[in-house]
Amino acid sequence: MKFCSECAHPIHTETPQGDNRPRSVCAQCGTIHYVNPRIIAGCLPVFENKILLCRRAIEPRKGYWTLPAGFMEQGETLEAGAVRETQEEAGIEIVAEQMLTSISVPHISQVHIFFLTHMENAQHAQSTSESLEVQLFEVNDIPWQEIAFPTVKKTLRHYLNDVEAGNIQTRVFDIHFKERIARTKN
């Protein structure tokens, strides 16, 4: 950011009084421009023990499989964002149920949150402008090597382990850049 969104004057970096880190501050009007993490909200849709995945039609990771998810919008609840993104990417109407994962990804300033949802039917699941293809997968047929993001892969693995154990849990954890690089090399 180079110019203030309030008065259009140049901004500079300083640590405001009472703060503990450098911020973008307007020298003219004093507005502090905070940059906060972005929240990605999505769902893990299940129908008759099959998991719905979407093949991405957009970058990043175009052509790879993912759970329906995307950036929350202003004025939207977490659950509403997850439901909207699922509808936009898979064409299905659902209700967000139990939160499955909350994953902080500090190296890209994001937090990914996924909810479990059970689909009443699969007849409306369809590709959209954001998905090349939408498909229900049996557990043994999930294309693990073609999963778009580490957060999706971890959410799927935790869910499947919990189903096997008979106790669906909410997981909160982080994915760090070094961990992602190590997994990519292996």
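Each value in this text was obtained by applying a stated rule to the coordinates, not by laboratory testing. Values in this document were obtained by computation on a predicted structure and should not be read as measured data. FYI the Cβ positions are ideal-geometry reconstructions off the backbone, even for glycines, and counts take in every protein chain you see.
Take the Cβ atoms of Ala57 and Gln145, set R0 to 25 Å, and the FRET efficiency comes out at 0.80. Neighbours of Thr128 by Cβ distance under 15 Å: Lys/Arg scored +1, Asp/Glu scored -1, total -2. Given the options Ala125, Ala27, Ala165, state which has the largest fluctuation in a GNM of the chain using a 10 Å cut-off (strictly under) for Cα springs. Highest fluctuation of the listed residues: Ala27. Taking semi-axes √(5λ) of the Cα gyration tensor in Å as calculated from this structure, the corresponding entry among (1) 36, 19, 16; (2) 28, 18, 15; (3) 65, 18, 13 is (1).
Lysine pairs in the chain with alpha-carbon atoms under 22 Å apart, 8 or more places apart or on different chains: how many are there? Qualifying lysine pairs in the chain: 9. When you filter the trypsin sites (Lys or Arg not before Pro) in region 21-80 for DSSP loop state and at most 13 other Cβ atoms inside 10 Å of their Cβ, you are left with Lys62. When Met1, Met72 are arranged by Cβ crowding within 10 Å, least crowded first, meaning fewest neighbours, the order is Met1, Met72. Each Lys or Arg adds one and each Asp or Glu subtracts one; over the other residues with Cβ under 13 Å from the Cβ of Thr13, this totals +1. When you restrict to C-alpha pairs under 8 Å that are six or more residues apart and normalise by the size of region 38-185, the relative contact order lands at 30 percent. A crude spin-label estimate for the pair Ile168 and Glu14, with each label 7 Å from Cα along the Cβ direction, gives 5.2 nm.
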